[in-house]
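These notes are about the structure you will find just below.
Rule-based calculations on the coordinates, nothing more; no lab input. No experiment lies behind these values; they were computed from the predicted model shown. So basically every Cβ, Gly included, is an ideal-geometry build from the backbone, and we count neighbours across all protein chains shown.
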């Protein structure tokens, strides 16, 4: 796919940097993904944008994700993605461990709720319980 957008240049730059970081020549990377060295050169220069299936092969060979190649960051490392990933793993735990994890989370939510209530209290209104 031919393109001249700055996003292709950024993609190409990331491919170039990761290839160099992995100490691969364009020919070595091309051999790993079933491409030609000329294709790698055009990807890196932003002259061509890899097709989706080639993007996946590039990500694998460069030990990264397609998200990183396209976006410049790995969406799987964002806090929401990390949380979703952990929750799906929670389902695979034995019932006893899953129950323990849920109790732990419930406790965390209770503590957070109490801390939020404390923040909302007015500074002059403190409990008179312990004073005589």
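Here are the numbers for this structure:
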quantity	calculated
Per-pair calculated FRET efficiency, R0 = 35 Å: residue 93 and residue 53 via Cβ, rounded to 0.05	0.50
Residue exposure sequence - 102, 40, 70 - by fewest surrounding Cβ within 10 Å	102, 70, 40
Binned Cα-Cα distances of the range 6-74, short to long, each 5 Å bin given as a whole percent	4, 21, 34, 31, 10, 1
Order by protection proxy (mean Cβ within 10 Å, highest first), peptides 52-65, 16-29	52-65, 16-29
